[in-house]
Amino acid sequence: MNTVDFRRHLHSHPELSFEEHSTAAFISEQLDALGIEHRPIAKTGILARIEGRRGNLKRCVVLRADIDALPLQEMTGVEWASQCEGVMHGCGHDCHAAILYGVLKRLQSDRDFEGTVLGLFQPGEERGFAGARKVLDEDPFKDYDVAAVIGEHVDASLEVGEFGFCPGKFMASADALCLTVKGAGGTPSQGAKNPIVAAADLVMRLNAFNSDVCTLSVNKVVAEGLPDHLPEECRCEAMMRAFDEKLRLRIKDMIAHAVEEVEYKYDVGVSVDIHDGYPCVENDTQLTYEAMLMADSCGFVVRDLERIEGEEDFGCYSQLYPSLYYRLGVGREAGRKHTASFLPDERALAIGEEFMYQLSLSILNK
Ligand SMILES: [Zn+2]
Ligand SMILES: [Zn+2]
């Protein structure tokens, strides 16, 4: 099967995070047809393995593609549009999986490389499902010396033939905070036990943590009193994004400290609930520069990217192994991802495949 047909099949049969049963069955069938060894991983994922003919087989490169779709009703009108009501590949993960398939197919054809390639079709990237964590919980790379984990995302801000790179810190961590300030309801008072005044002070303290490398945004404040009656509590919800894992931990300590001060100052109780999201995506600098040179020598256009505040579970790998996460241009006409009309230019598939294939060979044969 060619890469475009592979992508179109996935596109017309999208499945939500951790429901990728027929996606995994299809991938497995296609890998079987090529004689590529593989096994299930993280419930609905697939881990493929191709050993080279030479070198240390313990040294490996992991190529990762996410495979899940989104709860959207597709409106692109293409022939191969989603056949599943209310589910759509609206983030381009069908393209990522197809490119990985194409790369594995080429590597398998002559296996003329050193070491081992692991092809990871990862489930559950979207909506906080953290498929990468479930993959790593199984410790699938424990017998290997991982030279690189490589992942990509389609990008409609880049034209077809363009690749985007950002050495070092690339994408932010994302943690959801919920803070509930409990005081005394009833007769309004401006000081002690007033949950609204205490919460307002806390919001201002949290706001002061914003910097170049951390965003702490309080996006919801709920206090349901009456004009002449204080509520007993005030609930604040916030999103914290940081570009540095050490800073991420330090800010959490600083939040705890601010909470203690507010509790003492206003004689209130504050409960803090932090829902840990994805960690930062940090690109290995040397690997990124090598990839930029490789893209250039393949005749593609190399673009420097700014840091991005969006989150991505690829960060789970980049915290453990030398990693590279880059962007593949699919043209501005593609529209916005996560919308019902997102339509990447399919010419990007062959380009993405060529680049990932050449990059894998150059890392393996080093
Ligand atoms: Zn997405
Ligand atoms: Zn995505």
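The values are calculated or read from the model by the stated rules, or taken from the named source; none is laboratory data. What you are looking at is a predicted structure, and each value in this text was computed from that prediction instead of being measured. As a convention, Cβ positions derive from the backbone with ideal geometry for all residues, glycine included, and neighbour counts pool all protein chains shown.
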(message) Name the residue that is surrounded by the most Cβ atoms within 10 Å (Cβ to Cβ), counting only residues in the range 193-219 that are assigned to a loop (DSSP other than H, G, I, E, B) and either at pLDDT 95 or above or of a type outside the set (Asp, Glu) (or both).
(response) ASN194
(request) Of all residues in the range 50-75, count the ones that are farther than 22 Å from PHE18 by Cα and outside any loop (DSSP other than H, G, I, E, B). (result) 6
(message) Of the conditions (1) within 16 Å of ligand 2 (Cβ to nearest atom); (2) in contact with a Phe, Trp or Tyr (Cβ under 7 Å, 6 or more places away or on another chain); (3) farther than 19 Å from LEU324 by Cβ, LYS58 satisfies every one except a single condition; which number is it?
(response) (1)
(message) Suppose we keep only residues that are part of a loop (DSSP other than H, G, I, E, B) and in contact with a Lys or Arg (Cβ under 6 Å, 6 or more places away or on another chain) within the range 159-192. Which one would you say is modelled with the highest pLDDT?
(response) VAL160
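Can you name the residue in the range 326-335 that is of a type outside the set (Gly, Ala, Ser) and more than 13 Å from ligand 2 (Cβ to nearest atom) and is also surrounded by the most Cβ atoms within 10 Å (Cβ to Cβ) among such residues?
TYR326
Take the residues in the range 84-101 that are surrounded by fewer than 24 Cβ atoms within 10 Å (Cβ to Cβ) and in contact (Cβ under 8 Å) with a residue 24 or more places away in the chain, then tell me which one is farthest from ligand 1 (Cβ to nearest atom). Give the derivation first.
Start the filter on the range 84-101 by keeping residues that are surrounded by fewer than 24 Cβ atoms within 10 Å (Cβ to Cβ), which leaves 84-87, 91.
Among the residues that remain, those that are also in contact (Cβ under 8 Å) with a residue 24 or more places away in the chain are: 84, 87, 91.
Numbers: CYS84: 17, VAL87: 13, CYS91: 3 Å.
Applying the filter and picking the extreme gives CYS84.
Of the residues LEU104, LEU57, which is buried (at least 24 other Cβ atoms within 10 Å of the Cβ), more than 18 Å from PHE314 (Cα to Cα) and more than 18 Å from the chain's Cα centre (by Cα)?
Values: LEU57 fails: buried (at least 24 other Cβ atoms within 10 Å of the Cβ).
Exactly one residue qualifies, and that residue is LEU104.
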(request) List every residue pair whose Cβ atoms lie under 6 Å apart, where the two residues are 6 or more positions apart in sequence or sit on different chains, the first residue falls within the range 336-351 and is closer than 16 Å to ASP5 by Cβ and more than 15 Å from ligand 2 (Cβ to nearest atom), and the second residue, located anywhere, is in a loop (DSSP other than H, G, I, E, B) and among the hydrophobic types (A, V, I, L, M, F, W, C). (result) ARG347/VAL160
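Counting residues that are more than 30 Å from LEU364 (Cβ to Cβ) and within 19 Å of the chain's Cα centre (by Cα), which helices (runs of 4 or more DSSP H) fully inside the range 231-325 reach at least 1? Steps first, answer last, please.
Details: elements: 245-266, 285-297, 315-318.
In the range 231-325, 245-266 are the helices (runs of 4 or more DSSP H) which contain 1 or more residues that are more than 30 Å from LEU364 (Cβ to Cβ) and within 19 Å of the chain's Cα centre (by Cα).
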(message) Quick check on my filter: what residues within the range 115-156 are closer than 21 Å to TYR289 by Cα, within 16 Å of ligand 2 (Cβ to nearest atom) and either in contact with a Lys or Arg (Cβ under 6 Å, 6 or more places away or on another chain) or not β-branched (Val, Ile, Thr) (or both)?
(response) GLY151, GLU152, HIS153, ASP155
(message) Looking at the range 333-352 only, could you name the residues that are away from ligand 1 (no atom under 16 Å from the Cβ) and aliphatic (A, V, I, L, M)?
(response) ALA348, LEU349, ALA350, ILE351
(message) Only one of SER22, SER17 is at pLDDT 95 or above, outside any strand (DSSP E or B) and away from ligand 1 (no atom under 16 Å from the Cβ). Can you tell me which?
(response) SER22
(message) Give me the residue from the range 113-156 that is assigned to a strand (DSSP E or B), surrounded by fewer than 20 Cβ atoms within 10 Å (Cβ to Cβ) and among the charged types (D, E, K, R) and, out of that set, farthest from ligand 1 (Cβ to nearest atom).
(response) GLU114
